[in-house]
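Below: the structure, in structure tokens.
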Amino acid sequence: MSSLADSAFAAFDLITQLDPMLGSVVARSLWVSLWATVIASSLGICFGAWIAVSRFYGRGVLLTLLNTLLALPSVVVGLVVYLLLSRSGPLGYLGWLFSLKAMVVAQSVLVFPVVAALTRQCVEDADRLHGEQLQSLGAGTILRSLLLVWDERYVFLTIVITAFGRAISEVGAVMVVGGNIEGFTRVMTTAIALETSKGDLPLALALGLVLLTVVLCLNILVATLRSWRLREDGSTADPLQKAWV
């Protein structure tokens, strides 16, 4: 292709014609990122909510470590997971290296600090506003954190979407532990990098468009659910009191 326009038209043709290679890469990428998001979000929301409402010795150090992990390079995560899953590593007996499972683990480790840090901040802010009220109603630490998470559930949808976007757009860690094997561990980001280096711009552009479309659709869904919820909650009653009652 000699021009960007020609590459773009060819990319649209690949998408509209449901190119088998394009479809397999997209499906594999969605599978890996969705599982990583589910695992990281489940653990990260619980961990972040617990830190937000708990007070213990060393909490400040733990928060500093958690915030530091937000800037952890993806290739470092890939290297650590690689060493753990390699044949000589402590988890080498699992035989997960260069597999989709290893890619899920790498993305989960990468996304977990994002979910945990955002959850901690969100729940801590909500606890400042409603914590005393919940304590007066007899809610303990665990129940208080659960009620605060439920009250801010649409914020957490945004956090989950952010986690998914971080996972599906990641390239370094999955390339290290997955190996970018065609038909087996090649996902959208690694395929874009490879096809661009090979000069196959139409396929790279097609994958990039699909990636952007997936994230856009998820954000539209969250915005729609949020607007429905705001219309349903027309009353001015405190949502925490309604959840408690």
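The values are calculated or read from the model by the stated rules, or taken from the named source; none is laboratory data. Just so it is clear, the model here is predicted, and its values are computed rather than measured. With ideal geometry, Cβ positions are generated from the backbone for all residues, glycine too; neighbour counts draw on all protein chains shown.
Can you confirm whether Ala116 is in a helix (DSSP H, G or I), in contact with a Ser or Thr (Cβ under 9 Å, 6 or more places away or on another chain), of a type in the set (A, V, I, L, M, F, W, C) and buried (at least 21 other Cβ atoms within 10 Å of the Cβ)?
Numbers: in a helix (DSSP H, G or I): yes; in contact with a Ser or Thr (Cβ under 9 Å, 6 or more places away or on another chain): no; of a type in the set (A, V, I, L, M, F, W, C): yes; buried (at least 21 other Cβ atoms within 10 Å of the Cβ): yes.
The answer is no for Ala116.
Read through the list (1) in contact with a helix residue (DSSP H, G or I) (Cβ under 6 Å, 6 or more places away or on another chain); (2) more than 14 Å from Ala116 (Cβ to Cβ); (3) assigned to a helix (DSSP H, G or I), then give the number of the only condition that Met21 fails.
Against the list (1) in contact with a helix residue (DSSP H, G or I) (Cβ under 6 Å, 6 or more places away or on another chain); (2) more than 14 Å from Ala116 (Cβ to Cβ); (3) assigned to a helix (DSSP H, G or I), Met21 comes up short only on (1).
Please tell me if Arg153 is farther than 30 Å from Leu83 by Cα, basic (Lys, Arg) and at pLDDT 70 or above. Even if it seems obvious, please write down each step before you answer.
Values: farther than 30 Å from Leu83 by Cα: yes; basic (Lys, Arg): yes; at pLDDT 70 or above: yes.
When the stated conditions are applied, Arg153 passes them.
Give Ala52, Ala40 a once-over and let me know the one that is surrounded by 15 or more Cβ atoms within 10 Å (Cβ to Cβ), modelled with pLDDT of 90 or more and not polar (S, T, N, Q). Steps first, answer last, please.
Numbers: Ala52 fails: modelled with pLDDT of 90 or more.
Only one candidate qualifies: Ala40.
So how many residues does region 30-68 have that are assigned to a helix (DSSP H, G or I), polar (S, T, N, Q) and over 16 Å from the mean Cα position of the chain (by Cα)?
Qualifying residue count for the region: 3.
Does at least one position in region 5-25 carry a residue that is in contact with a Lys or Arg (Cβ under 7 Å, 6 or more places away or on another chain) and closer than 20 Å to Met175 by Cβ?
At the first step, the residues of region 5-25 found to be in contact with a Lys or Arg (Cβ under 7 Å, 6 or more places away or on another chain) are 25.
Those still in the list that are closer than 20 Å to Met175 by Cβ too: 25.
Yes: region 5-25 contains one or more residues that are in contact with a Lys or Arg (Cβ under 7 Å, 6 or more places away or on another chain) and closer than 20 Å to Met175 by Cβ.
Any idea how many residues of region 36-85 are without any contact (Cβ under 8 Å) to a residue 12 or more places away in the chain and on the phi < 0 side of the Ramachandran plot? Walk me through it before giving the result.
First, pick out the residues of region 36-85 that are without any contact (Cβ under 8 Å) to a residue 12 or more places away in the chain: 38, 42, 46, 55-62, 64-65, 68, 71, 76, 83-84.
Now restrict to residues that are on the phi < 0 side of the Ramachandran plot: 38, 42, 46, 55-57, 59-62, 64-65, 68, 71, 76, 83-84.
Here the count works out to 17.
Only one residue in Ala191, Ala167 is surrounded by 22 or more Cβ atoms within 10 Å (Cβ to Cβ), among the small types (Gly, Ala, Ser) and more than 17 Å from the chain's Cα centre (by Cα). Which one? Don't jump to the end; show me each part of the working.
Numbers: Ala167 fails: more than 17 Å from the chain's Cα centre (by Cα).
Only one candidate passes the filter, namely Ala191.
Quick check, is Leu79 in a helix (DSSP H, G or I), among the aliphatic types (A, V, I, L, M), surrounded by fewer than 19 Cβ atoms within 10 Å (Cβ to Cβ) and modelled with pLDDT of 90 or more?
yes
Determine if region 211-218 includes at least one residue that is in contact with a Lys or Arg (Cβ under 9 Å, 6 or more places away or on another chain) and within 23 Å of Ala5 (Cα to Cα).
Here is the first cut: in region 211-218, the ones in contact with a Lys or Arg (Cβ under 9 Å, 6 or more places away or on another chain) are none.
Looking through region 211-218, none of the residues is in contact with a Lys or Arg (Cβ under 9 Å, 6 or more places away or on another chain) and within 23 Å of Ala5 (Cα to Cα).
Tally time: how many residues in region 149-205 are touching a residue at least 60 places away in the same chain (Cβ under 8 Å), among the small types (Gly, Ala, Ser) and in a loop (DSSP other than H, G, I, E, B)?
Qualifying residue count, region 149-205: 2.
Yes/no per residue for (1) out of contact with any Cys (no Cβ under 7 Å at 6 or more places or on another chain); (2) within 20 Å of Ser24 (Cβ to Cβ):
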site: Glu152; (1), (2): no, no
site: Leu157; (1), (2): yes, no
site: Glu170; (1), (2): yes, yes
site: Gly178; (1), (2): yes, yes
site: Ile181; (1), (2): yes, yes
site: Thr185; (1), (2): yes, yes
site: Glu195; (1), (2): yes, yes
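Regarding region 5-18, can at least one residue be identified that is surrounded by 16 or more Cβ atoms within 10 Å (Cβ to Cβ), at pLDDT 85 or above and within 30 Å of Leu201 (Cβ to Cβ)? Break it down into steps so the answer makes sense when it comes.
Here is the first cut: in region 5-18, the ones surrounded by 16 or more Cβ atoms within 10 Å (Cβ to Cβ) are 7-8, 10-11, 14-15.
Within this subset, residues satisfying the condition of being at pLDDT 85 or above are none.
The answer is no; no qualifying residue exists.
Just to check your reading of the model, which residue among Ser54, Ser29, Ser33 is farther than 22 Å from Arg153 by Cβ and hydroxyl-bearing (Ser, Thr, Tyr)?
On the way: Ser54 fails: farther than 22 Å from Arg153 by Cβ; Ser33 fails: farther than 22 Å from Arg153 by Cβ.
After ruling out the rest, the residue left standing is Ser29.
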